[in-house]
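A.B. asks: Pasting a structure here, questions to come.
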Amino acid sequence: MTPPIVPGKNGMSTVLLSHPSGSSADVYLNGAHVTSWIPAGGREVLFMGKTATFAPGDPIRGGIPVVWPQFANIGPLPQHGFARKSEWELAENEGSSDDPASVKLVLKDDHRTREQWPYHFRTELTVTIDDKSLEVKLAAFNTGDELFSFTSALHTYIAVADIRETTIRGFTLQNGRGTLTSACGFQNAHLGGAILLLSGGLSVVDCIFKDNASDEVTNIVGGEHDWRPYLYSLYIQNRTREYVMWHPVSTGAGKIAGATTAAK
């Protein structure tokens, strides 16, 4: 059965993924944006801002924004590029797919993108779920004659019960195998080998880890949860070997449109 496309918030087109196990995910065509993932027998994994706006051409705060072809403001484009603000389409023949648990969306250059970035491209986002996992793949292709470079990210917002009791394992910052490339507000965080503990306070954390030795990062969620397990495993295949960890806390989030939260 083909994943249905239904009106989401404010009538915006949304692909509903479902798996026989009961897991589900929502993907908006605006930005190819995953806004929800609920594993079988579990609860919502992704964080969405309470005041997130859903309007064509506007970025959605929370979930998994697609950052492309520019990360942050390191280039001439607006913050995080234009992919997260563009309307994506189903890939050719995707409408005839009989897998309700997977979808491939495509963004191609047009006169609007070329006004900002004068290159020909095809960008694909594939989202697949099963009972306990969500897989998101981003691929970009040069369809023109002129070479270009880009930066990108899957800007994933993970919901945690209590940031003060959250640890992240897998960042190998020892024996020269990893490098912390930004001064990133670790006043109340502690680096201990491959373990990062966010504890003791609610400081803003904004860090870039470079040349990480392992592709797998496990986010261990602390605090009280009404479901199990506590572990989120993020398997990242990243040729750039750079990873960003960001947490604005409630004060920082209040400065970001649509990201307001009543965090502990």
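A.B. asks: From GLY81, GLY57, which residue is buried (at least 16 other Cβ atoms within 10 Å of the Cβ) and either modelled with pLDDT under 95 or closer than 18 Å to LEU138 by Cα (or both)?
C.D. replies: Within the list GLY81, GLY57, the selection yields GLY81.
A.B. asks: Report, by residue number, each residue of the range 111-159 that is of a type in the set (Val, Ile, Thr) and touching a Leu at 6+ places or on another chain (Cβ under 9 Å).
C.D. replies: If the condition is that a residue be of a type in the set (Val, Ile, Thr) and touching a Leu at 6+ places or on another chain (Cβ under 9 Å), then THR113, THR123, THR126, VAL127, THR128, ILE129, VAL136, THR156, ILE158 are the ones that fit.
Yes/no matrix, rows are residues, columns are (1) at pLDDT 95 or above; (2) small (Gly, Ala, Ser):
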{"position": "THR14", "(1), (2)": "yes, no"}
{"position": "SER21", "(1), (2)": "yes, yes"}
{"position": "THR35", "(1), (2)": "yes, no"}
{"position": "ILE74", "(1), (2)": "no, no"}
{"position": "GLU89", "(1), (2)": "yes, no"}
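A.B. asks: Those residues that are within 19 Å of GLU124 (Cβ to Cβ) and surrounded by fewer than 20 Cβ atoms within 10 Å (Cβ to Cβ), I need them from the range 1-28; list them, please.
C.D. replies: THR2, ILE5, SER13
A.B. asks: Looking at the structure I just gave you, is LEU147 assigned by TED's automatic domain parsing to the domain that holds HIS33 and under 13 Å from VAL27 (Cβ atoms)?
C.D. replies: Values: assigned by TED's automatic domain parsing to the domain that holds HIS33: yes; under 13 Å from VAL27 (Cβ atoms): no.
Considered against the rule, which asks whether it is assigned by TED's automatic domain parsing to the domain that holds HIS33 and under 13 Å from VAL27 (Cβ atoms), LEU147 comes out as no.
A.B. asks: Go through the range 52-77 and give me each residue that's β-branched (Val, Ile, Thr) and either touching a Lys or Arg at 6+ places or on another chain (Cβ under 8 Å) or on the phi > 0 side of the Ramachandran plot (or both). Don't jump to the end; show me each part of the working.
C.D. replies: Restricting attention to the range 52-77, the residues satisfying the condition of being β-branched (Val, Ile, Thr) are 53, 60, 64, 66-67, 74.
Scanning the range 52-77 gives THR53, ILE60, VAL66, VAL67.
A.B. asks: So which residues in the range 115-142 are part of a helix (DSSP H, G or I) and surrounded by 13 or more Cβ atoms within 10 Å (Cβ to Cβ)?
C.D. replies: GLN116
A.B. asks: Return the residue satisfying two criteria in turn: it lies in the range 144-165 and is of a type in the set (A, V, I, L, M) and at pLDDT below 90, and of such residues it is nearest to GLU124 (Cα to Cα).
C.D. replies: ILE158
A.B. asks: Identify the residue in the range 1-47 that is charged (D, E, K, R) and touching a strand residue (DSSP E or B) at 6+ places or on another chain (Cβ under 6 Å) and, among all such residues, is farthest from ASP131 (Cα to Cα).
C.D. replies: Our first condition is that a residue be charged (D, E, K, R); within the range 1-47, this holds for 9, 26, 43-44.
Of the ones still in play, those that are also touching a strand residue (DSSP E or B) at 6+ places or on another chain (Cβ under 6 Å) are 26, 44.
Details: ASP26: 15, GLU44: 13 Å.
For the range 1-47, the residue satisfying everything is ASP26.
A.B. asks: Please indicate, with yes or no, whether at least one residue in the range 60-73 is part of a loop (DSSP other than H, G, I, E, B), β-branched (Val, Ile, Thr) and within 15 Å of the chain's Cα centre (by Cα).
C.D. replies: First, the residues of the range 60-73 that are part of a loop (DSSP other than H, G, I, E, B): 60-61, 63, 65, 68-73.
If we keep only those that are β-branched (Val, Ile, Thr) as well, we get 60.
Right, trim to within 15 Å of the chain's Cα centre (by Cα) and you get 60.
Yes, the range 60-73 contains at least one residue that is part of a loop (DSSP other than H, G, I, E, B), β-branched (Val, Ile, Thr) and within 15 Å of the chain's Cα centre (by Cα).
A.B. asks: Looking at the range 84-95, I want the residues that are in the same structural domain as PHE54 (by TED's automatic domain parsing) and under 24 Å from ALA55 (Cα atoms) and have a partner that is among the small types (Gly, Ala, Ser) and modelled with pLDDT of 95 or more with Cβ atoms under 6 Å, at least 6 apart or on another chain. Which pairs are those?
C.D. replies: Short answer, once both residue conditions are applied: ARG84/GLY31; TRP88/ALA32.
A.B. asks: A further question on this structure: Output the residues belonging to the range 100-127 that are within 30 Å of GLY41 (Cβ to Cβ) and without any contact (Cβ under 8 Å) to a residue 40 or more places away in the chain.
C.D. replies: Within the range 100-127, LYS104, THR126 meet the criteria.
A.B. asks: Give the number of residues within the range 21-56 that are of a type in the set (A, V, I, L, M) and outside any loop (DSSP other than H, G, I, E, B). If you could, list the steps in order and put the result at the bottom.
C.D. replies: Our first condition is that a residue be of a type in the set (A, V, I, L, M); within the range 21-56, this holds for 25, 27, 29, 32, 34, 38, 40, 45-46, 48, 52, 55.
Applying the additional criterion that residues be outside any loop (DSSP other than H, G, I, E, B) yields 25, 27, 34, 38, 46, 48.
Residues that pass the stated criteria total 6.
The values are calculated or read from the model by the stated rules, or taken from the named source; none is laboratory data. Predicted model only: the values in this text are computed from it and were never measured. We place every Cβ from the backbone using ideal geometry, glycine too, and count neighbours over all the protein chains shown.
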